[in-house]
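Read the structure below first, then the notes.
The values are calculated or read from the model by the stated rules, or taken from the named source; none is laboratory data. What you see is a predicted model; the values in this text were computed from it and never measured. Methodologically, a virtual Cβ is constructed for each residue, glycine included, from the backbone with ideal geometry; neighbour enumeration extends over all protein chains shown. Please note that ligands, DNA and RNA were not included when accessible areas were found on the heavy atoms of the full protein model with its side chains. Shrake-Rupley method; radii C 1.70, N 1.55, O 1.52, S 1.80 Å.
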Protein chains: 2
Amino acid sequence: LPRPFFFEVKETDLMGRVGQVTVGKKRFETPCLTPVVHPVWRDIPLSQFKAMGFDVLMTNSYILYKRQGKEAIEKGIHDLIGFEGVIMTDSGGYQVLEYGDAEFTPEEIAEFQSKIGSDLAVTLDRPTGYSISRAHARETMRASLSAAEATIRKFPDSETTWVGPIQGGVFGDLVRASARGLTRAGFQFLALGSPVELMEGYMFSPLVEMIVNARSAMAYAMPMHLFGAGHPLTLPLSVALGCDTFDSASYMLYAKKDRYMTERGTVPLDRMTYLPCGCPVCNSTSLEALRAEPREDRVRKVALHNLHVLRADVLRCKEAIYEGRLWDLVEERAMAHPRSASAFRALVRDRVDWLAKPTRLLKLRGLMVRSEEDTSRPELALARKHLSRLMSARRPAAKTIAVLVTSSAAPPLTRRSAKVPRAGALGKAEIYRINPQIGPYPAELEFVFPFAQTISDRQATEASLTASVKKLRAMGYAKVVVARGSRGIARARTRKRAPRSR
Amino acid sequence: LPRPFFFEVKETDLMGRVGQVTVGKKRFETPCLTPVVHPVWRDIPLSQFKAMGFDVLMTNSYILYKRQGKEAIEKGIHDLIGFEGVIMTDSGGYQVLEYGDAEFTPEEIAEFQSKIGSDLAVTLDRPTGYSISRAHARETMRASLSAAEATIRKFPDSETTWVGPIQGGVFGDLVRASARGLTRAGFQFLALGSPVELMEGYMFSPLVEMIVNARSAMAYAMPMHLFGAGHPLTLPLSVALGCDTFDSASYMLYAKKDRYMTERGTVPLDRMTYLPCGCPVCNSTSLEALRAEPREDRVRKVALHNLHVLRADVLRCKEAIYEGRLWDLVEERAMAHPRSASAFRALVRDRVDWLAKPTRLLKLRGLMVRSEEDTSRPELALARKHLSRLMSARRPAAKTIAVLVTSSAAPPLTRRSAKVPRAGALGKAEIYRINPQIGPYPAELEFVFPFAQTISDRQATEASLTASVKKLRAMGYAKVVVARGSRGIARARTRKRAPRSR
């Protein structure tokens, strides 16, 4: 019997989610960064990864096979490298291509991955990379898919959970066909390949499209890995698009180039003046001392710092999902570069409906509107949609008037604003409030998220007021009274003529 | 002889600067956060502050006077509290007001501050607070100024460096008068009071105006303290406006309310799910464990975490000044709340010329244009100004043509783009390039910052191209040739007729 593999979604925001993967007797929470470790030599002791809370490591089965194949089979991968947690093995597709090791069959590498006891194993693939040739993209995608199908057919009852590699690069239909083919073949976990060149070239818009294509061709409940995505600039964005796990050698690759990671990008050590970070490494050394260290020690320390940055950033994404503020984090992070900023804008323009689907309708914290893009927030779009349905079903009784309360002074959810519904005593009147991002809404919705829970510096303008009055009139009210503030309502209640009528 | 007090500016960006304060034999670097410690009881051992790199502590002389006045005079403040670094004492203006201790004269408190050996001491003031009464604001400002003048007159040769308290609240002319009065009285270090209520009420635009008013009435080379400003949401902004030191009890006040600091604001511990931070505290505990701690331990740990956040954030500001990217940090941080976002926009709209003055003209890193506001960056504004002077002085010789190269494909500062000036061989031609944020500029300026060092996703549009051609024609060129890309130039060189003429 194959051992169990489950993915359970615990909390959602946009297309992002906090989930739990069960693989055999082991469990880990997603979004999850899986640091890449060399199968043979150690820069950082694996105990340190565990201490930092990394539950999953990624290593390369091709290199292991070449260097220590026999020993790995005898001892098993966990004993060999000394890590009890979940081990995911990459097939080595890049290496096979690079070294032209054509005799190496998908079955051979799969058998090896299975024998050494990989918890999660990516089947041998041919990475599309950033190719502008559709023929090449189709060929690599199909080769990867055939190898994946062959593997899962041959080792159906393996102790290993197979991970299906999505290829196709920037060709959306190929990416979708790849994801669908892998799902049909029985994979429960897919991994999107070939984003690295897009990231390195700051081509964030095609990266977003690639992820959207992969994700939209898969079941929502299926987890997805994103290859080589260990950069804070793209991490919140990838999480928001529905990527669940990320492998990354970046912490070490950057360290070897003496590059220091920050939330906004990486900086060469020799261009820096301080160590602007609160992690244990940066708290216990200075830039001068770090620069003066022997290369090996310096690389280890910078790599550890980089891991701390990534670790905290994954936690930030998870916390943002529980807070319902993943949008905010994605937008703020996108501001770190013109290319990520425009990728965010394109995402808002083209994909906001798709992003919105699994978003919770009730959030515990106010909805911030800080930019033009924020007016397209999924929560607001949904509220506008629901409201429009509700409003078009409303038929005011004859001679009913509408009172539109414009006070933005009365904060929501306080005793003061609770007075408003009482003002319904005003003859045959129905009270409306106004949200500059949504329009006029019945006052009884004030306690329904997000009508009065929008935090914005935008006030209802005269133009939006006029439009609101028009809208209410069109609904059939005998008259629309604009009441400014709660005093305005009081006046409207005591006078026969409303204080201001339009 | 009074002991020396110097302030030396080491690096600048916007109105922000990294500086060094010399006070007696002690030195510290600014921007500098001075944690507020209680003069008598200890939550966190002072050795810990030192270990974290806090060189300056702030404490309250009024409370010390009331509780341990004699002992403090006998031992001196440094021995009494056990801190060798710089100690700044607040006069206790708030406490005097709160407890109505009217007999307490400015001279008394000044004498006490001097006797206990405060390195820096704020003279007794009457905080204006957030007052909408101009009369009250004027009265408190004048009372604070008179007390300051009296103090510095009476203790001119003190071992203590006096810090003059600026009051006046939201009344700009009063704030300016206060700063000028203190300067005239001989103060070398001023401290802006009354920002706390503005910060707590998220009134960031009036806060900005208050700082701008204070700063613009002072010499650039004089350091300025900002009272009670220990919040990451306003820290980069305050630094960019020219505040040099910041005292803050916030790390402890928030901790006592079980509030956890992040770069974007504070969150109550009981609303959190993770500890999304890389500091030593958050690396060595979990949220559950932290919540389960006895209150005293939990408060201490959260306070330490909060200090780590502030410490890293000050370093981030300093690093950004050396990088020439303080603008970027301020804008990104401003995105964390609608009110800070609109305060940033107002600052860009109203004060960009003022901000620009001390900004370096040469920066080592590219200039990012990510938003509409970024097109008003001081570096771009200055470049536009210099360019317009240069262009209006240019008089092309008769029959000279202008070649406008629009290629954005050729990256700046590479061998490929270095070909462009050589294309000047094209008859009597002068080569121009185009920067969408600046307009057309002579190709020889390509290596001058920031003409080709702008990182932007905005392309030169057809409209901006047409405007550029018009501009060049108006300068008197016989013809303007638009060459698209470096191939375009090559074509222009070999053909008699230019490839495209407008």
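Scan the stretch B:275-302 residue by residue and report those that are more than 10 Å from chain A (Cβ to nearest Cβ), in contact with a Lys or Arg (Cβ under 8 Å, 6 or more places away or on another chain) and not acidic (Asp, Glu).
B:THR285, B:LEU290, B:ARG291, B:ARG298, B:VAL299, B:VAL302
Looking only at the stretch B:1-34, count every residue that is more than 19 Å from B:ALA191 (Cβ to Cβ) and of a type in the set (S, T, N, Q) and tell me the total.
Residues that pass the stated criteria total 1.
Which of the residues spanning the stretch B:357-378 are more than 14 Å from chain A (Cβ to nearest Cβ), open to solvent by 10 Å² or more (accessible area, probe 1.4 Å) and not in a loop (DSSP other than H, G, I, E, B)?
Residue satisfying the conditions is B:SER376 alone.
Would you check if B:VAL267 is more than 30 Å from B:PRO378 (Cβ to Cβ), within 9 Å of chain A (Cβ to nearest Cβ) and in contact with a strand residue (DSSP E or B) (Cβ under 6 Å, 6 or more places away or on another chain)?
yes
Given B:LYS471, B:LYS399, which one is farther than 30 Å from B:MET368 by Cα and modelled with pLDDT of 50 or more?
The unique qualifying residue is B:LYS399.
Go through the residues of the stretch B:77-91 one by one and say whether even a single one is open to solvent by less than 20 Å² (accessible area, probe 1.4 Å), at pLDDT 95 or above and hydroxyl-bearing (Ser, Thr, Tyr).
Checked the stretch B:77-91: at least one residue is open to solvent by less than 20 Å² (accessible area, probe 1.4 Å), at pLDDT 95 or above and hydroxyl-bearing (Ser, Thr, Tyr).
When you look at A:ALA398, is it part of a helix (DSSP H, G or I) and more than 9 Å from chain B (Cβ to nearest Cβ), yes or no?
It is false that A:ALA398 is part of a helix (DSSP H, G or I) and more than 9 Å from chain B (Cβ to nearest Cβ).
Restricting attention to the stretch B:276-291, which residues are under 21 Å from A:GLU263 (Cβ atoms), open to solvent by 10 Å² or more (accessible area, probe 1.4 Å) and either in contact (Cβ under 8 Å) with a residue 24 or more places away in the chain or not in a helix (DSSP H, G or I) (or both)?
Within the stretch B:276-291, B:PRO276, B:CYS277, B:GLY278, B:PRO280, B:VAL281 qualify.
Taking the stretch A:337-356, which residues are within 24 Å of A:GLY19 (Cα to Cα) and away from every other protein chain (no Cβ under 14 Å)?
Scanning the stretch A:337-356 gives A:ARG351, A:VAL352, A:ASP353, A:TRP354, A:LEU355, A:ALA356.
Would you mention how many residues in the stretch A:230-256 are over 14 Å from A:ALA303 (Cα atoms) and either at pLDDT 95 or above or not hydroxyl-bearing (Ser, Thr, Tyr) (or both)?
15
Give the residues of the stretch A:457-474 that are open to solvent by less than 30 Å² (accessible area, probe 1.4 Å) and either assigned to a loop (DSSP other than H, G, I, E, B) or in contact with a strand residue (DSSP E or B) (Cβ under 6 Å, 6 or more places away or on another chain) (or both), sorted by residue number.
A:SER468, A:VAL469, A:LEU472
Suppose we filter A:ARG389, A:ARG345 for residues that are farther than 24 Å from A:ARG458 by Cβ and open to solvent by 30 Å² or more (accessible area, probe 1.4 Å); which single one remains?
Residue meeting the stated conditions: A:ARG389.
From the list A:ARG264, A:ARG298, A:ARG259, exactly one residue is modelled with pLDDT under 95 and open to solvent by 20 Å² or more (accessible area, probe 1.4 Å). Which is it?
A:ARG264
Of everything in the stretch A:311-322, what is touching a residue at least 40 places away in the same chain (Cβ under 8 Å) and either within 8 Å of another protein chain (Cβ to nearest Cβ) or touching a helix residue (DSSP H, G or I) at 6+ places or on another chain (Cβ under 6 Å) (or both)? Give them in sequence order.
Within the stretch A:311-322, A:ARG311, A:ASP313, A:ARG316, A:CYS317, A:LYS318, A:ALA320, A:TYR322 meet the criteria.
Would you confirm, using the coordinates I've provided, whether B:LEU326 is under 21 Å from A:GLU331 (Cα atoms), open to solvent by less than 10 Å² (accessible area, probe 1.4 Å) and more than 8 Å from every other protein chain (Cβ to nearest Cβ)?
yes
From the set of residues in the stretch B:479-502 that are within 14 Å of B:TYR432 (Cβ to Cβ) and not in a helix (DSSP H, G or I), which is modelled with the lowest pLDDT?
B:ARG502
For the stretch B:1-45, what are the residues that are farther than 22 Å from B:ASN306 by Cα, among the acidic types (Asp, Glu) and open to solvent by 50 Å² or more (accessible area, probe 1.4 Å)?
Across the stretch B:1-45, the qualifying residue is only B:GLU8.
For the stretch A:36-46, how many residues are in contact (Cβ under 8 Å) with a residue 12 or more places away in the chain and not hydrophobic (A, V, I, L, M, F, W, C)?
Looking only at that region, the number is 3.
Could you list, in sequence order, all residues of the stretch A:228-277 that are among the aromatic types (Phe, Trp, Tyr) and more than 21 Å from the chain's Cα centre (by Cα)?
A:TYR254, A:TYR260, A:TYR274
What are the residue pairs meeting all of these: first residue in the stretch B:55-84, first residue within 12 Å of B:PRO39 (Cβ to Cβ), second residue of a type in the set (Phe, Trp, Tyr), Cβ atoms under 7 Å, and 6 or more apart or on different chains?
Final answer for the pair search is B:LEU57/B:PHE49; B:LEU57/B:PHE83; B:SER61/B:PHE112; B:TYR65/B:PHE112; B:GLY69/B:PHE112.
Need a quick list: helices (runs of 4 or more DSSP H) entirely within the stretch A:189-246 having at least 2 residues that are in contact (Cβ under 8 Å) with a residue 40 or more places away in the chain and open to solvent by less than 20 Å² (accessible area, probe 1.4 Å).
A:204-216, A:235-240
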